[in-house]
Amino acid sequence: MISSEKKAQNRFRIVLGGKNILLGVTGSIAVYKSIDIIRGLTKEGATVRVVMTESASHFIAPLTFEAVSGNRAYTDISGEHLNHINLSRDAQVFVIAPATANTINKLSCGIADNALTTTWLAYKGITVIVPAMNSRMYENPIVQKNIRELEKLGVIFVGPEQGNLICGEEGIGRMADVGDIIEAVRSALTPKDLSGHNILVTAGPTRESLDPIRFISNRSSGKMGFAIAASALRRGAKATLVSGPTSQHPPKGVSFISVENTAEMREAVLENLPCSTAVIMTAAIADFSPVSISKSKIKKTDALTINLEPTSDILKELGRKKGRRILIGFAAETGKNIKNAKDKLKDKNLDLIVLNDITQEGAGFDVDTNIVTIIDRRGEVTDYPLMKKTEIADIILSRMLQLKSKR
Ligand code: CTP
């Protein structure tokens, strides 16, 4: 395996692995979510140290944070020599979640009157602030002004979200989801090697209706395509994701187009082709659709014959229209059929084809992992071991980048 691929393979793991993260916790009812932030970050190999305000410790005791993080949680640094300096020097990211209006205002003005604000004032790295407050406080012009001031300094804000607030009101102010916060930390630490790229990704199955109730489809979960779109975005690209029906949540920041059948997917893909620099077709597209869709429910009979016709081959059409774009297809097969994949690559005028044998354990549909073989136009075949789909996503994007740099 060439070294750039090895790097890509490890990219996802190393983004958070070995990193020191400071978690600043302030006194908001949303403080319970901070526990899950620690869990999520440490699961990916980061070390988390907590600095809390006194009012945060009224909601959850420092001991709880110490137990979950495995490190001391700091509430008071006044009696100790240079703790704020040591803590701030060692950290690569300072996440403040939940962040109250009071703390945001203090940070913006450079006030250092507690362990959290003093440590932040001495800190020079990436800051991610996750506000949580009542909507009227959030919309207060002073808070808004201070958020903008901090943004100008490069501080990253995640949320807040719209929804039901603890005070019984509805509005903006809910703390962002833990998954989005962790993704923001990953993204902040990820080199933007795909900036300037516009990646069009397809995902999931397509559904071809038989009648108002039934359809023909397949087992695709969409996980691979969603992982590619998320990774492209994290690495600085713009990402457009065209997906058939799945239970996946579109990554925040991805331009998401939901479709049902192959004809809709074709239309969305062709519409977005002109502004894309690369297309990655992970979608498991139904190869056939019923010749006609029954307007009423098809009733039970002794035997049923359904006439099917081929759907349009979107990838093949893209192969004719791709211009200088990199075009990557997938081949899900029962068996490792290299010859078949090579034929598909040639027939559809692809730059790369990603072959996976869905019969292997840990590979294929509806699992978080896959075992793939990537074949290029020269016929070079690279086998990859069992990996997370998130890792494979990074490998595919790095292979795409390599090809692009040669164009
Ligand atoms: N594909 C497509 N349009 C179709 C069928 C497939 O764009 N109507 C794309 C898929 O998204 C995938 C690639 O073509 O990237 C290969 O799909 P696959 O189903 O493996 O191959 P087919 O060309 O359908 O051939 P076969 O089913 O006979 O293996």
Scattering profile of region 16-189 from the Debye formula, Cα beads only, expressed as log10 I(q)/I(0) at q = 0.09, 0.10, 0.19 Å⁻¹, is -0.26, -0.33, -1.29
Region 160-194 scanned against label point 7 Å out from Arg136 along Cα→C-beta; backbone N under 20 Å for 160-175
Hey, if we sort Glu267, Glu208 by accessible area with the 1.4 Å probe, largest down, what's the order? Glu267, Glu208
Would you mind checking the tilt of helix 338-347 against the longest principal axis of the Cα atoms of the chain, expressed as 0 to 90 degrees and rounded to 10? 80 degrees
Mind checking which lysines have their Cα closer than 24 Å to the Cα of Lys322? Skip sequence neighbours fewer than 8 apart in that chain. Lys238, Lys339, Lys342, Lys344, Lys346, Lys348, Lys404, Lys406
Rounded to a whole %, the carbon-and-sulfur portion of the accessible area of the chain at a 1.4 Å probe is 51 percent
For Leu121 and Ser55 in one chain, what is 0.36 nm times their gap in residues minus the Cα-Cα distance, to one decimal in nm? 21.8 nm
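Scale the Cα Rg of the chain by the rule-of-thumb value 2.2 N^0.38 Å and send over the ratio, two decimals.
Expressed relative to 2.2 N^0.38 Å, the Cα Rg reads 1.15.
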Where only protein heavy atoms count, and the probe is 1.4 Å, what is the accessible area per residue for the chain in Å²? 47 Å²
Projected onto the charge dipole of the chain (+1 at Lys/Arg Cβ, -1 at Asp/Glu Cβ, origin at the Cα centre), which of Ala101, Ser57, Ala331 gives the Cα projection farthest towards the positive end? Ala331
Set Lys and Arg Cβ to +1 and Asp and Glu Cβ to -1, take the dipole of region 16-189 about its Cα centre, and tell me which of Gly110, Gln144, Gly125 lies farthest positive. Gly125
How large is the helix-only mean residue ellipticity at 222 nm for the chain, computed as the sum of -39500 (n - 2.57) over DSSP H runs with n ≥ 4, divided by its residue count, in deg cm²/dmol to the nearest 500? -11000 deg cm²/dmol
Heavy-atom SASA rank of Ser195, Ser209, Ser276 (probe 1.4 Å, accessible area, largest first): Ser195, Ser209, Ser276
Can you tell me which of 232-245, 278-291 comes out highest on packing, and rank the rest after it, using the mean Cβ neighbours within 10 Å? 232-245, 278-291
Identify all lysines with a Cα-Cα distance to Lys388 below 16 Å; exclude those on the same chain that are fewer than 8 residues away in sequence. Lys6, Lys7, Lys43, Lys223
Calculated Rg and Dmax of region 265-407 using C-alpha coordinates, Å: 17.6, 60
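When a/c reaches 1.5 or more, the comparison of a/b and b/c decides; with that in mind, is region 331-380 rounded, prolate or oblate per its Cα gyration tensor?
prolate
Say R0 is 41 Å: what FRET efficiency, to the nearest 0.05, do Ala303 and Lys346 get from their beta-carbon distance? Mind showing how you got there, number by number?
On the way: r = 40 Å, r/R0 = 0.98.
Efficiency, from the Cβ-Cβ distance: 0.55.
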When a/c is below 1.5 the answer is rounded, else prolate if a/b is larger than b/c, else oblate, so apply that to region 183-327 with a ≥ b ≥ c taken from the square roots of the Cα gyration tensor eigenvalues. prolate
Given points 7 Å out from each Cα along the Cα-Cβ axis, report the Glu264 to Glu44 separation in nanometres with one decimal. 3.1 nm
Excluding residues fewer than 8 places away in the same chain, name every one of the lysines whose C-alpha is closer than 18 Å to that of Lys145. Lys106
Residues of region 197-216 with amide N under 19 Å of the 7 Å Cα→Cβ point at Glu317: 200-209
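The values are calculated or read from the model by the stated rules, or taken from the named source; none is laboratory data. In this text, all values refer to a predicted model and were calculated from it rather than measured experimentally. As a convention, Cβ positions derive from the backbone with ideal geometry for all residues, glycine included, and neighbour counts pool all protein chains shown. Each accessible area value is taken on the protein alone, full model and side chains, heavy atoms only, with ligands, DNA and RNA left out. Shrake-Rupley method; radii C 1.70, N 1.55, O 1.52, S 1.80 Å.
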